[in-house]
1. If I go through segment 49-60 residue by residue, how many of them are at negative phi and open to solvent by 40 Å² or more (accessible area, probe 1.4 Å)?
2. From Gly312, Gly320, which residue is at pLDDT 95 or above and surrounded by 14 or more Cβ atoms within 10 Å (Cβ to Cβ)?
3. Please verify whether segment 288-300 includes one or more residues that are on the phi < 0 side of the Ramachandran plot, in the same structural domain as Leu218 (by TED's automatic domain parsing), under 20 Å from the mean Cα position of the chain (by Cα) and part of a loop (DSSP other than H, G, I, E, B).
4. Do we find a residue being within 25 Å of Arg225 (Cα to Cα), surrounded by 15 or more Cβ atoms within 10 Å (Cβ to Cβ) and out of contact with any Phe, Trp or Tyr (no Cβ under 8 Å at 6 or more places or on another chain) anywhere in segment 104-126?
5. How many residues does segment 293-306 contain that are over 28 Å from Ser205 (Cβ atoms) and either of a type in the set (A, V, I, L, M, F, W, C) or touching a Lys or Arg at 6+ places or on another chain (Cβ under 8 Å) (or both)?
6. Taking Ser205 as meeting all but one of (1) among the hydroxyl-bearing types (Ser, Thr, Tyr); (2) in a loop (DSSP other than H, G, I, E, B); (3) open to solvent by 40 Å² or more (accessible area, probe 1.4 Å), write down the number of the exception.
7. Tell me yes or no: at least one residue of segment 227-237 is farther than 25 Å from Lys81 by Cα, of a type outside the set (A, V, I, L, M), open to solvent by 30 Å² or more (accessible area, probe 1.4 Å) and touching a residue at least 24 places away in the same chain (Cβ under 8 Å).
Amino acid sequence: MNAMAFGTLRDSHVTLSHGGGGKAMADLIETVFFPAFGPGSGEDQARLTADALCEPGARLALTTDSFVVTPLEFPGGDIGKLAVCGTVNDLAVGGARPLWLSAAFIIEEGCEIALLQRVVASMAREAALAGVRIVTGDTKVVGRGSADGVFVTTSGVGVIPAGRDLVAARIRPGDVVLVNGVLGDHGAAILAARGDLALSTDLVSDCQGLGHLMEAVLAAAPGTRAARDATRGGLAAALNEMALAAGCGIEIREDALPLRPEVRGVCEILGLDPLYLANEGTLVLFVPEAEAEAALCAMRSRPEGQGAAIIGRAVAASEGGAHTARVQMVTSFGGRRIVDRLVGEQLPRIC
């Protein structure tokens, strides 16, 4: 990195001039972003090397994601932490070891500089925890009303070691389904933080990086078939995607699902289903039955997996009921319920 002096920004809010390519933009970048991410090389691209790339059979993994959330800061995180964790987790659940991130910011005119600094500092902290470097980025400023404070887009590059092949198509009937912790905390915390529904709760988002957890699981259960992070659409969406790719069914047990009483309460009040609430630090994992206990113990050995649980199994496509039902839940009363994908947004009941 160059030994560059960081700029001095006197403005308290972002203006259109901060996106104009002149001194104001340079001051914004040097005051807000350089202290957190470093000044870089001054070139228009990051130039990267890693020993892991030289390992025979190693493959690169690339992912990208855009992040929008209201409010920008919420109990347990903010849009910056969300962006880093989301991208790291997308790499990790594919068996990749995350190495590098890029970060692009769409900033609305009028955004507080102090808020932007907190978001960027949060990204730097989370990247350090995950063992990744934010190596390149971009900023754009749009007019007031054209964005919701800050939008962040991150891309991530990781390396998949030789011999790892985590894909949902490898799931087989009899495989065991695990999650690393409680479900629905993020979605419920965001609903409460928005303040639209007059909810009072101590819930915090589960937003966390899962790279170190996945490494521990793969060391203990090398036969792991596949994993997904249960973000938008919640556990239900992740399970349906994996069942479709595998061509098999999935059966989960309602009494095995790890849910906080507060999340159950929010869902009961609003008429929501916790299976569809977003998570930002929760993954669903499929392992052969012989490795299930090893995977569970590995999860519970990590802070990110203290609440890990076995919640079900993969079954033959026609097992347990209707041939068209990819995912089913055995209810607490012993019945069966189809867990389908949402058609659109999950909305609270209104009457």
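The values are calculated or read from the model by the stated rules, or taken from the named source; none is laboratory data. Predicted model only: the values in this text are computed from it and were never measured. Note: ideal-geometry Cβ built from the backbone for every residue, glycine included; neighbour counts use all protein chains shown. These accessible areas exclude ligands, DNA and RNA; they are computed on the full protein's heavy atoms, side chains included. Shrake-Rupley method; radii C 1.70, N 1.55, O 1.52, S 1.80 Å.
1. In the first step, residues of segment 49-60 are kept if they are at negative phi; the result is 49-56, 58-60.
Then keep just the ones that are open to solvent by 40 Å² or more (accessible area, probe 1.4 Å); that gives 49, 51, 53-56, 59-60.
Number of matching residues: 8.
2. Working: Gly320 fails: at pLDDT 95 or above.
Gly312 is the lone residue from the list that is at pLDDT 95 or above and surrounded by 14 or more Cβ atoms within 10 Å (Cβ to Cβ).
3. There is no residue in segment 288-300 that is on the phi < 0 side of the Ramachandran plot, in the same structural domain as Leu218 (by TED's automatic domain parsing), under 20 Å from the mean Cα position of the chain (by Cα) and part of a loop (DSSP other than H, G, I, E, B).
4. The first filter runs over segment 104-126 and keeps only residues within 25 Å of Arg225 (Cα to Cα), leaving none.
No, segment 104-126 contains no residue that is within 25 Å of Arg225 (Cα to Cα), surrounded by 15 or more Cβ atoms within 10 Å (Cβ to Cβ) and out of contact with any Phe, Trp or Tyr (no Cβ under 8 Å at 6 or more places or on another chain).
5. Step one: list which residues in segment 293-306 are over 28 Å from Ser205 (Cβ atoms), which gives 293-294.
Checking which are either of a type in the set (A, V, I, L, M, F, W, C) or touching a Lys or Arg at 6+ places or on another chain (Cβ under 8 Å) (or both) leaves us with 294.
The qualifying residues number 1.
6. The one condition Ser205 does not meet is (3).
7. Taking segment 227-237 first, the residues farther than 25 Å from Lys81 by Cα are none.
Checking segment 227-237: not a single residue is farther than 25 Å from Lys81 by Cα, of a type outside the set (A, V, I, L, M), open to solvent by 30 Å² or more (accessible area, probe 1.4 Å) and touching a residue at least 24 places away in the same chain (Cβ under 8 Å).
A quick yes/no check of all residues on (1) at pLDDT below 95; (2) buried (at least 18 other Cβ atoms within 10 Å of the Cβ); (3) not in a loop (DSSP other than H, G, I, E, B); (4) not basic (Lys, Arg):
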| residue | (1), (2), (3), (4) |
| --- | --- |
| Leu129 | no, no, yes, yes |
| Phe151 | no, yes, yes, yes |
| Gly158 | no, yes, yes, yes |
| His186 | no, yes, yes, yes |
| Ala198 | yes, no, no, yes |
